[in-house]
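Peer 1: Before I ask anything, here is the structure I am working with.
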Amino acid sequence: MSAARGGREFPAFLGWLPLVLVAVAIVVTYARVPPHELYHVSGSGLDAGLGRALVFLNWPVAVATLPLIALAADRLREQRLAVAAAVVAAVLCAFVAWPGVVDQADLDPKWMNALPALGVVLGLGLAAAAGLFRTRARADALLVVVLVLLLVLTLPYIAADLGFFLDDVPALGSLFITGKVVVGEPAVHHGHHHGMDGALLVLAALATIPALKDCRSRRLGIAVAAYLGIELVYGLTVLVNDEWLEQIVKRGWTSVEVPNVIHPAVNFGWLWILVAGGALAAWICRRERLV
């Protein structure tokens, strides 16, 4: 958020730190937990952990890296090599949208997963060189509320990424269902969940917004703001989809599910994302004085 508001300052890299921690947790958990306790993977050992982390770098990390690449190119625009590298990184990251690159029904790594992952490494390197992670912002009341809400909602997924259930944790065991068997499986299986991916997309977008104020190209800034607005609503909707299914539907309180919007489609779920994301993008543009 803009540094012009009240609150304690923080560096932007803190918004990306959870993605790093989750990647490490994925490697460890998928290396030690048997594949039948995880979700749509078949390998075991360290290779399985590294492979699942590779897929994680594709989605959601490549999606979250694209706006950073654009802002890094803007800051490094006098360096032709850096701009060329940014174009390559953006193309590689965008490859994640190609059908079959990331398949929820088969999360074992494929050779093509190396391409978006390479784009992520190159893009984050450019962002670091451009000083984007040193951008400072202020944690105003709205941001604090959002972060606390995200933390509470992702507690079951934090436990799952670490390979345990919340059932025996005081208070949390009654607030969330995780190890309870529903239709032959735990309500929240061990390993990584797309609900956590949604939350991480929200965090990455929030950490990227402060850099907009230093964008030298007004048009690029508006385009990135539009992307971030949609990313925020998309990430939140992905989180709610998973959370609703596992904490509401699996309790038997209702059979109505929140639509799965992981993949773009012509439906009301994506209509909501585009409309709400556009409205949020307009708010971001005004907040960061792009318009």
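Rule-based calculations on the coordinates, nothing more; no lab input. Fair warning: this is a prediction, and the values are worked out from it, not measured in the lab. When we count neighbours, we look across all protein chains shown, and the Cβ atoms used for this are built from the backbone with ideal geometry, even at glycine.
Peer 1: With a/c under 1.5 counting as rounded, go ahead and sort segment 152-291 into rounded, prolate or oblate using the C-alpha gyration tensor (a ≥ b ≥ c being the square roots of the eigenvalues; past the cut-off, prolate if a/b is larger than b/c, else oblate).
Peer 2: Values: a/c = 3.22, a/b = 2.01, b/c = 1.60.
Verdict is prolate for segment 152-291.
Peer 1: Let me ask something additional. In what sequence, highest mean first, do 221-229, 173-181 appear when ranked by Cβ atoms within 10 angstrom?
Peer 2: Numbers: 221-229: 21.9, 173-181: 16.6.
Final packing ranking: 221-229, 173-181.
Peer 1: What percent of all Cα-Cα pairs in segment 70-114 falls into each 5 Å bin, going from 0 up to the bin containing the maximum distance?
Peer 2: Cα pair-distance distribution for segment 70-114, in percent: 5, 21, 22, 15, 11, 13, 9, 4, 1.
Peer 1: Would you compute the Debye intensity of segment 8-287 from its alpha-carbon atoms alone, equal scatterers and no solvent, and pass along log10 I(q)/I(0) at q = 0.09 Å⁻¹ to two decimals?
Peer 2: -0.42
Peer 1: Now for a different question. Largest first and in whole Å, what are the equivalent-ellipsoid semi-axes of segment 103-155 based on the Cα gyration tensor, each being the root of 5 times an eigenvalue?
Peer 2: So the three semi-axes of segment 103-155 are 30, 23, 5 Å.
Peer 1: Now for a separate question. Rank these for me by crowding, Met112, Met196, going from fewest to most other beta carbons within 10 Å. It would help to have the intermediate numbers written out before the result.
Peer 2: Working: Met112 15, Met196 26.
Ordered by Cβ neighbours within 10 Å, fewest first: Met112, Met196.
Peer 1: Under a GNM of the chain (C-alpha, springs under 10 Å), which listed residue has the highest mean-square fluctuation: Gly163, Gly51, Gly131?
Peer 2: It is Gly131.
Peer 1: How long are the three semi-axes of the equivalent ellipsoid of segment 56-176, in whole Å, if each is the root of 5 times an eigenvalue of the C-alpha gyration tensor, listed from largest down?
Peer 2: Numbers: eigenvalues 217, 102, 19 Å².
With the √(5λ) rule applied to segment 56-176, the semi-axes are 33, 23, 10 Å.
Peer 1: Under a 10 Å cutoff between Cα atoms, tell me which one of Pro210, Pro34, Pro60 has the largest fluctuation in the Gaussian network model of the chain.
Peer 2: It is Pro34.
Peer 1: Under the √(5λ) rule applied to the eigenvalues of the Cα gyration tensor, what semi-axes describe the equivalent ellipsoid of segment 225-275? Give them in Å, descending.
Peer 2: Numbers: eigenvalues 108, 26, 10 Å².
Semi-axis lengths for segment 225-275 are 23, 11, 7 Å.
Peer 1: So, one more: What nm value, rounded to one decimal, do you get for the distance between Asp168 and Val181 when each label is placed 7 Å out toward the C-beta?
Peer 2: Distance between label points: 1.8 nm.
Peer 1: Going by average Cβ density within 10 Å per residue, which order do the peptides 151-157, 253-259 take, highest to lowest?
Peer 2: Details: 151-157: 19.0, 253-259: 10.7.
The most tightly packed comes first, giving 151-157, 253-259.
Peer 1: With the cut-off at 1.5 for a/c, could you classify segment 1-98 from its C-alpha gyration tensor as rounded, prolate or oblate? Mind dumping the intermediate values first?
Peer 2: On the way: a/c = 3.15, a/b = 1.57, b/c = 2.00.
Cα axes put segment 1-98 in the oblate bin.
Peer 1: Along the Cα→Cβ direction, 7 angstrom out, place labels at Met112 and Arg216. What is the inter-label distance in nm?
Peer 2: The two pseudo-label positions are separated by 3.7 nm.
Peer 1: Most fluctuating residue of Leu274, Leu21, Leu132 in a GNM of the chain with Cα springs under 10 Å: which is it?
Peer 2: Of the options given, Leu21 has the highest mean-square fluctuation.
Peer 1: Then there is this: What does the extension gain come out to for Val91 and Ser42, with contour length at 0.36 nm per residue minus their alpha carbon separation? Write out the running numbers ahead of the final one.
Peer 2: Details: separation 49, 0.36 × 49 = 17.64 nm, distance 2.96 nm.
Contour length minus Cα-Cα distance gives 14.7 nm.
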